[in-house]
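A.B. asks: Structure incoming, see below.
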Amino acid sequence: MYVESKKGKTRELWRFHGGLHLPERKALSLQHPLQYATLPDRLILPLQQHIGIPAQPMVSPGEHVLKGQMIASSPAPVTSPIHASTSGTVVEVGEHFIPHPSGLTDICIVIEPDGEDRWADLPEPITDFHSADARSLRQRIRDAGIVGMGGATFPAAIKLNPGKPIQTLIINGAECEPYITCDDRLMRDFSERVMNGARILQYMLQSEECLIAIEDNKSEAILAMFEALRDEENIEVVRIPTIYPSGGEKQLIRILTGREVPTSGLPAQVGVICHNVATAAAIADAVLEGKPLISRLVTLTGEGLSKPGNYETPLGILASDLIAQAGGYQGRPQQLIMGGPMMGFDLTTDQVPITKGANCLLCPTAEEIPRPEPARACIRCGRCADVCPANLLPQQMYWYSKAKDLEKVQDYNLFDCIECGCCSHVCPSHIPLVQYYRYAKAESWAQEQERRESERAKQRHDFRVSRLKRLEAERKAKLRKKKEALKNKPPAKKAQVSKEGDDKDAKQAVIEAAMKRAAEKKAKQQLAPKNIENLTAAQQAQIEAVDKRRMATNQEKQRKPEQPD
Amino acid sequence: MEFHTLSSPHTKRVNRVDKVMLQVVLALIPGITAMIFYFGWGVLINVVLACLSAVAFEAMVIRLRKRPVMPVLFDLSAIVTALLFAVAIPPLLPWWLVVMGMAFAIIMVKQMYGGLGYNPFNPAMAAYVLLLISYPVEMTSWMPPYLLAEHQLTLSQILAFKLSGILPGELTLDAITMATPLDQMRTNLDLNQMISEIRLSPLWGDFGGLGWEWIGNWFLMGGIWMVYKRTITWQIPLAFLTGLVSMATIFWLFDAESFPFPLFHVFSGGVILGAFFIATDPVTACTTRAGQLIYGAAIGVLVYLIRTWGGYPDAVAFAVLLMNMAAPTIDYYTRPRTYGHGEVKSE
């Protein structure tokens, strides 16, 4: 398939296996223009809003902070700092609910805004980024706390240091999940920021080409990006077919380049780096304006919300506050999903803050997304395999996950599953397949961890055994040396004899005593009867007869002296 | 506000097992209607009897297994098994054999292995084979299609025969039964007759037996509808028919007087029914698409081999059961190339 990607230029596209055409439901949140969330009473900023090591707080309760001020960071290589979304007072550093599937709490910095929204001193804008070196740009991006904003939240700066030549830079504007429209909105309203981000990224990676991929159901975004493109040399806007999950990194790479990221490998291995459009825009802000990542576009949608739409939202605002600003709930909302319907996770409560990876809050009614019926038995129809974008055999993986046969389920490439949810969606038996794979993955990790630990324990044990052996050998060698030394001494001793006469006498006495003991022992041994084993009956009888005689004689000898009485 | 949590994806599911089964039932209706038209009320009685006993046995076992009965009955899988069995057996089969067949299919072949989704063998075909081996006379006593029948039996006469084995007046079983076209062809070929000679009999239609081939057409319609609705995949039926037709073509080209025309094989016996409704049973067939091609083709080849050189005139049930055994192995060796593994084609 070929599409026009810029004036007078067409590109070949490839297909990935499977995929789904889902009801888009994107109009729901696109009916209103972009809105700006107002500052709430307090902002809650989790120390970990990224994949990697959590940041460490740099502020303490009572301290006043300014907008854009770094309030947490870490020297670890894979991490990302946190910045204050507005000016105000730090009131607490403590446990709060975080948006995580576990529904658990984590350490957060709580800021009470002072309402002034006063900026801190920002780093100098690098408007002429072409003359900056990639290293300083990377540092800028790292310091700005930018992470993958499509939901993966991997620190962006690390992906910009691939250590391999990159042919293709992909800016991911596919936004294939139903309901979500924040990237669409971003490209429509801020196409310039996205394009600047693309320019910076392309300069940093020195890639041959830069492709901005957008699904063909977002014509307005495509148009806006085309306009922002102007006469850019190596950047193209590629209209890709709407099919879920085209926005998955691996799938998008396949669509645009025909290449596949090797299993458990990175896109850079096939000469590709992929960044989300929102990440690109944040990078443009950081480089060109010096602004750190303190706000993002969030889609509020679902029929359970009275005013769905896209909101430019300061990070740290509670979902409940944001929803209240957007008119609150309506009907009977049953679920609150962070992310889209296919890959998002359910929140247990709306008392969680908006973080860097929060692209969407979906609040459907029970009619809109009904609870799935109880699962039935798998009839092996294979529809799951037909739609699997990784070309796996979900029904076999389900079978082995259920049987807890972790080895077998890994043999069926469990870890190539991207948990996109296509298989569960089409399953006629309504089996929560993805849940089984998550379970199998978690179990496999746990098992691997255990295996590694036992391996380590074994190594430690082996080391201890070898150490003891070595010590023993050393001890023996020492002894041997000493003995040899003793053996070699006698000639020297003779010379000393005259000098140490007393010593010699003492030694002589000991030796004599020992010799005496030995002689006594020898005599004893000679006295004891010999060759008394394995005798025939006749010999035994003979011996007994002899003994008797001897005893009788002895008794007579003993009696004799008494005779005179 | 507090919410309940579920695992993603959060969508309205698009498919249901009972919908799939219902589609199979609907697709069977034209063929069953045609069978009733050509072979009379016996077929309908078989259908009703098989359905009732299948549901009864299923309910009984599910209760014994202390599981909720209703969801299982409403997945309609027992009905599908019953229908496939009912259209495979002769219309005059005594009632107790029908019930026995269903008891074996539902209790032994399906539920004892764990019920729907767990049975390694196609229940309807296993029951058919059990009866064919145990009661060969009853299982091969087919009536002629009404176009050829000298004696038309009424509904009550058929009922009476099926319930008690009593025929009206001086009629004997021989008078009202007739060899199936496949049987006829086989017997006459064994007598060293030429096919042109054999086909002089009024028993024959265009390709297969008179009447029989039309039943095949109606089942074909239902089958194509199922492929269109994606109830079944095209791989198994196509491979099945291709396997059979290629074998038949080779031998027919070799000697057209000793080996029947390929389409004779397609439109005789249970081939169309087998290709679209029986071999495609997802539980017992291969699940990988490549595996389905192998599975289907192997059934087609086996049908030809058994029909031509084996001990039975038709062979769909045997071929399907044989390949049921091979399905897991075929699946294992036809796993698709997962994304990111091995060579990428487009490069």
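A.B. asks: If R₀ is 60 angstrom, what is the calculated FRET efficiency for the pair A:Arg15 and B:Ser156, using the beta carbon separation as r and rounding to 0.05?
C.D. replies: Computed FRET efficiency for A:Arg15 and B:Ser156 comes out at 0.45.
A.B. asks: Once both axes come from the Cα atoms, what is the angle between helix A:134-143 and the longest principal axis of chain A, in degrees from 0 to 90, rounded to 10?
C.D. replies: That helix lies at roughly 90 degrees to the long axis.
A.B. asks: If you don't mind, another one. Let me have the 222 nm mean residue ellipticity of chain A computed from DSSP H runs of 4+ only, each contributing -39500 (n - 2.57), with the sum over all residues rounded to the nearest 500.
C.D. replies: -12500 deg cm²/dmol
A.B. asks: Follow-up. Plugging the Kirkwood radius over Cα pairs into Stokes-Einstein for the range A:282-438, at a temperature of 25 °C and a viscosity of 0.890 mPa s, what D comes out in µm²/s?
C.D. replies: 138
A.B. asks: Tell me the net charge near A:Gly62. Cut-off is 15 Å between Cβ atoms, A:Gly62 excluded, with +1 for each Lys or Arg and -1 for each Asp or Glu.
C.D. replies: Summing Lys and Arg as +1 and Asp and Glu as -1 gives -3.
A.B. asks: How high is the relative contact order of chain A, given as a whole-number percent (alpha carbon pairs under 8 Å, six or more residues apart)?
C.D. replies: With pairs under 8 Å counted, the relative contact order is 15 percent.
A.B. asks: Calculate, for A:Gln269 and A:His430, the FRET efficiency according to 1/(1 + (r/R0)^6) with r their C-beta to C-beta distance and R0 35 Å; round to the nearest 0.05.
C.D. replies: Once the sixth-power term is evaluated, E becomes 0.40.
A.B. asks: Next up: With θ set to phi - 60°, apply the Karplus curve 6.51 cos²θ - 1.76 cosθ + 1.60 along the range A:23-33 and write out the HN-Hα couplings as whole Hz, x wherever there is a Gly or Pro.
C.D. replies: For the range A:23-33, the Karplus curve yields x, 6, 6, 7, 4, 3, 9, 9, 5, 10, x Hz.
A.B. asks: So if I take the centroid of the Cα atoms in the range A:1-71 and the same for the range A:310-333, what is the distance between those two points in Å?
C.D. replies: The range A:1-71 and the range A:310-333 have Cα centres separated by 16 Å.
A.B. asks: Give the Debye-formula value of log10 I(q)/I(0) at each listed q (0.14, 0.17 Å⁻¹), with one equal scatterer per alpha carbon of the range B:172-244, two decimals each.
C.D. replies: -0.64, -0.81
A.B. asks: Relative to the longest principal Cα axis of chain A, at what angle does helix A:219-229 sit, 0 to 90 degrees, rounded to 10?
C.D. replies: So the inclination is approximately 90 degrees.
A.B. asks: While we're looking at this one, here's another question. Given the options A:Ser60, B:Pro71, B:Pro30, identify the residue whose Cα lies farthest towards the positive end of the charge dipole of the protein assembly as shown (+1 on Cβ of Lys, Arg; -1 on Cβ of Asp, Glu).
C.D. replies: A:Ser60
A.B. asks: Something else about it: Which far-off residues, 5 or more places away or on another chain, put their amide H under 5 Å from the one on A:Arg118, with H placed in the peptide plane?
C.D. replies: Hits under the 5 Å cutoff: A:Lys67, A:Ser87.
A.B. asks: At q = 0.12, 0.20 Å⁻¹, what is the base-10 log of I(q)/I(0) for the range A:133-219 according to the Debye formula with one equal point scatterer per Cα and no solvent? Please give it to two decimals.
C.D. replies: -0.39, -1.05
A.B. asks: Would you order B:Ser246, A:Ser219, A:Ser401 from fewest to most other beta-carbon atoms within 10 Å of each residue's own beta-carbon?
C.D. replies: Placing the least packed residue first, the sequence is A:Ser219, B:Ser246, A:Ser401.
A.B. asks: What list of ³J(HN,Hα) couplings, whole Hz, do you get for the range A:425-438 from phi and the Karplus terms 6.51, -1.76, 1.60, once you set θ to phi - 60° and write x for glycine and proline?
C.D. replies: With the stated coefficients, the range A:425-438 comes to 4, 9, 4, x, 8, 6, 7, x, 4, 4, 4, 5, 6, 4 Hz.
A.B. asks: Let me know the volume per residue of the alpha-carbon convex hull for the range B:180-332, in Å³.
C.D. replies: 96
A.B. asks: Based on the Kirkwood radius over alpha-carbon pairs, what value in µm²/s does the Stokes-Einstein equation return for the translational diffusion coefficient of the range B:25-108 at 20 °C and 1.002 mPa s?
C.D. replies: Translational diffusion coefficient: 165 µm²/s.
A.B. asks: Separate question: Can you tell me the dipole magnitude for the range B:180-332 around its Cα centre, using point charges on the Cβ only (Lys, Arg +1; Asp, Glu -1), in Debye to the nearest 20?
C.D. replies: The dipole magnitude comes to about 480 debye.
A.B. asks: Where does the range A:360-437 land on Rg(C-alpha)/(2.2 N^0.38 Å)?
C.D. replies: Normalised by 2.2 N^0.38 Å, the Cα Rg of the range A:360-437 equals 1.15.
A.B. asks: Okay, moving on. Residue by residue through the range A:329-338, which ³J(HN,Hα) values in whole Hz follow from phi under the Karplus form 6.51 cos²θ - 1.76 cosθ + 1.60 (θ = phi - 60°), with glycine and proline marked x?
C.D. replies: Going residue by residue, I get 7, 9, x, 10, x, 10, 9, 10, 10, 8 Hz, with x marking Gly and Pro.
A.B. asks: Another question about this same structure. Taking the Cα centre of the protein assembly as shown as the origin and placing charges on Cβ (Lys, Arg +1; Asp, Glu -1), which of B:Ala319, A:Ala319, B:Ala175 is farthest toward the positive end of the dipole?
C.D. replies: B:Ala319
A.B. asks: Taking only DSSP H segments of four or more residues, each worth -39500 (n - 2.57), what value at 222 nm results for chain B once the sum is divided by all its residues, to the nearest 500 deg cm²/dmol?
C.D. replies: It lands at -18000 deg cm²/dmol.
A.B. asks: So for the range B:15-178, averaging the separation of alpha carbon pairs under 8 Å that are six or more residues apart and normalising by length, what relative contact order in percent results?
C.D. replies: The value is 25 percent.
A.B. asks: I'd like the orientation of helix B:212-228 relative to chain B: the angle between its Cα long axis and the longest Cα principal axis, in ° from 0 to 90, rounded to 10.
C.D. replies: 10
A.B. asks: For the range B:15-178, what is the Kirkwood estimate of the hydrodynamic radius, computed as the reciprocal of the mean inverse distance between distinct Cα atoms, to one decimal in Å?
C.D. replies: 16.4
A.B. asks: Further question on the same structure: Could you point to the residue in B:Gly115, B:Val47, B:Met125 farthest towards the positive end of the range B:15-178's charge dipole, with +1 and -1 charges on the Cβ of Lys/Arg and Asp/Glu respectively?
C.D. replies: Of B:Gly115, B:Val47, B:Met125, it is B:Gly115.
A.B. asks: Taking every Cα atom in the range A:375-489, find the radius of gyration and the maximum pairwise distance Dmax, and write them in Å.
C.D. replies: Just the Cα atoms of the range A:375-489 yield Rg and Dmax of 27.5, 93 Å.
A.B. asks: Now for a separate question. Would you give the gap between the C-alpha center of the range B:281-337 and the C-alpha center of the range A:111-145, rounded to a whole Å?
C.D. replies: 66
A.B. asks: Then there's this: Tell me, what is the Rg over Rh of chain B, with Rh the Kirkwood radius over Cα pairs?
C.D. replies: 1.01
A.B. asks: Kirkwood hydrodynamic radius, the range A:429-492, all distinct C-alpha pairs: what's the number in Å?
C.D. replies: So the Kirkwood estimate lands at 16.7 Å.
A.B. asks: Another question, then. When the Cα centres of the range A:372-387 and the range A:399-459 are compared, how far apart do they sit, in Å?
C.D. replies: 18
A.B. asks: Fewest Cβ neighbours within 10 Å first, please rank A:Glu249, A:Glu407 accordingly.
C.D. replies: Ordered by Cβ neighbours within 10 Å, fewest first: A:Glu407, A:Glu249.
A.B. asks: Over all Cα pairs of the range A:25-125, how is the pair count split among 10 Å bins, expressed in % and running from 0 up to the last occupied bin?
C.D. replies: Percent of pairs per bin, in order: 15, 38, 31, 14, 2.
A.B. asks: Give the calculated FRET efficiency between A:Asp505 and A:Glu472 to the nearest 0.05, with a Förster radius of 35 Å applied to their Cβ-Cβ distance.
C.D. replies: 0.35
A.B. asks: Taking every alpha carbon pair in the protein assembly as shown, what does the distance histogram look like in 10 angstrom bins from 0, in percent?
C.D. replies: Per 10 Å bin, starting at 0, the Cα pair percentages come out as 2, 10, 15, 15, 12, 10, 9, 7, 6, 5, 4, 3, 2, 1, 0, 0.
A.B. asks: Follow-up. Below 11 angstrom from the Cβ of B:Pro181, what's the summed charge of the other residues (Lys, Arg +1; Asp, Glu -1)?
C.D. replies: Residues near B:Pro181 contribute -1 overall.
A.B. asks: What residues have an amide H closer than 5 Å to that of A:Ala72, excluding those fewer than 5 places away on the same chain, when H is modeled at 1.01 Å from N in the peptide plane?
C.D. replies: It is A:Met58, A:Ile82, by chain and number.
Bear in mind that the values in this text are calculations on the coordinates, not laboratory data. What you see is a predicted model, and the numbers here were worked out from it, not measured in a lab. Cβ: placed from backbone, ideal geometry, glycine included. Neighbour counts: every protein chain shown.
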